[in-house]
Amino acid sequence: MTNYKDLGLVNTREMFAKAIKGGFAVPAYNFNNMEQMQAIIQACVETKSPVILQVSSGARKYANSNLLRNMARGAVEYAHELGYDIPITLHLDHGDTFELCVDCIENGFSSVMIDGSHHSYEDNVALTKKVCDYAHKYDVTVEGELGVLAGVEDDVSAEVSHYTQPGEVEDFVKKTGVDSLAISIGTSHGRTKFTPAQCTLSPDGILIPPPLRFDILEEIEKRIPGFPIVLHGSSSVPIQYVKEIEQYGGHLPNSVGIPEEQLRKAAKSAVCKINIDSDGRLAMTAAIRKVFAVHPEEFDPRKYLGPARDELKKLYMHKNIEVLGSAGQA
Ligand code: G3H
Ligand code: 13P
Ligand code: ZN
């Protein structure tokens, strides 16, 4: 058993309390490899932002849990070496079973998500409570989810979203003992968050998505005042990356994300954790495709992973400063 405290990590409790009070959201960035981890830590140290390093079960299979644990320990030491000790959480993204959550808690995670949103309400409550009862013995914080996002969440995919029902949140929080709650108010996973039919078209041919359901968020905040809310599926799918990827041979039709102004508005509310993965994938892919197209003679991985890492860092700094408001809050 490795306790996260021995790795220099923190749980989300204090982070979220500060985020709600300060009107910002803590970034939760997914990572699978060293370059992503370096970019996240460099960006968050330079902007003095707290950060949640987020690992999906797919990432765990890809990267190996022993390596991940030691990468998280390395991240803490790396931030220190860069000159500023930011709070760092290692979080399981979309945990789907009690056993997976236990395994992560035993392997140094300081926070886990148990995503029971695809179960019946009663089963979601029972599963989330079971995880909370176990996790809290080790001072590990737990994120639950109510409502279903459209798109792919690891191996589970849903064609349509089911918004969170505000009438359920108070009972869910009380019965489970959960520390934060992911809700569905119109965000979704991946780079095609809406179908073209759901969007309007701007005069220059850009898809404009429907606005987030801030009315549902407000209703939820009224029922559980001051309780930490989480937004998944919050990539903005920047058009410049999509264009660059397509310019250099990629094909990403119907790409559309959540406009940054809406995320900024959400971050000022009880939303205190915002999940971003797809934008990082786009930034890396754009940078790598460019190197391959412009320098076809290049075959040293550092020559294309290096620029990808630089682009990622730029993206994360922008998110912390301009979108989430987490810069300067560490
Ligand atoms: O919500 C899903 C995250 O973007 C993680 O994606 O399961 O492909 O690692 P993944
Ligand atoms: P995006 O696909 O919008 O980046 O969402 C990531 C996410 O919610 C991870 O849990
Ligand atoms: Zn998610």
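The values are calculated or read from the model by the stated rules, or taken from the named source; none is laboratory data. Since the structure is predicted, the reported quantities are computational estimates derived from the model, not experimental observations. Glycine gets a Cβ as well: all are built from the backbone with ideal geometry, and neighbour counts include every protein chain shown. Protein only, heavy atoms only, side chains kept; ligands, DNA and RNA dropped before computing areas. Shrake-Rupley method; radii C 1.70, N 1.55, O 1.52, S 1.80 Å.
Structure notes:
- In the range 210-259, the portion of solvent-accessible area held by carbon and sulfur atoms comes to 52 percent [1.4 Å probe, whole percent, DNA, RNA and ligands not counted].
- Relative contact order of the range 18-148, pairs being alpha-carbon contacts under 8 Å that are 6 or more residues apart, as %: 20 percent
- Using θ = phi - 60° in the Karplus curve 6.51 cos²θ - 1.76 cosθ + 1.60, the 3J(HN,Hα) couplings for the range 255-268 round to 6, 7, x, 8, x, 4, 4, 6, 5, 4, 5, 5, 5, 7 Hz; x is entered for Gly and Pro.
- Of all DSSP beta bridges in the chain, antiparallel share, percent nearest 5: 15 percent
- Extension reserve of the F98-F214 stretch, reckoned as 0.36 nm per residue once the Cα distance is removed: 38.6 nm
- For a paramagnetic label modelled on R13 (point 7 Å from Cα along Cα→Cβ), amide N atoms under 17 Å away belong, within the range 177-193, to 177-181.
- Remark: relative contact order (the chain) = 22 percent; criterion is Cα-Cα distance under 8 angstrom and separation of 6 or more residues.
- FRET E, pair D85, E106, Förster distance 35 Å, beta-carbon r, rounded to 0.05: 0.85
- Surface composition of the range 19-155: carbon and sulfur make up 50 percent of the accessible area, probe 1.4 Å.
- With the highest mean first, a sort of the peptides 309-321, 192-204, 273-285 on other beta-carbon atoms found within 10 angstrom per residue produces 273-285, 309-321, 192-204.
- Hypothetical label at Q165: residues of the range 109-128 whose amide nitrogen lies under 19 Å (7 Å Cα-Cβ projection): 116-128
- With the Kirkwood sum run over all distinct C-alpha pairs, the range 231-330 has a hydrodynamic radius of 14.5 Å.
- Spatial separation of Cα centroids for the range 104-153 and the range 17-85, in angstrom: 20 Å
- Efficiency of FRET from Cβ geometry, S120 and K265, R₀ 30 Å, rounded to 0.05: 0.40
- Accessible area expressed per residue, the chain, with surrounding protein chains retained (probe 1.4 Å, Å²): 43 Å²
- Per-residue ³J(HN,Hα) for the range 168-173, Karplus 6.51 cos²θ - 1.76 cosθ + 1.60, θ = phi - 60°, Hz, x for Gly and Pro: 9, 5, 5, 4, 4, 5
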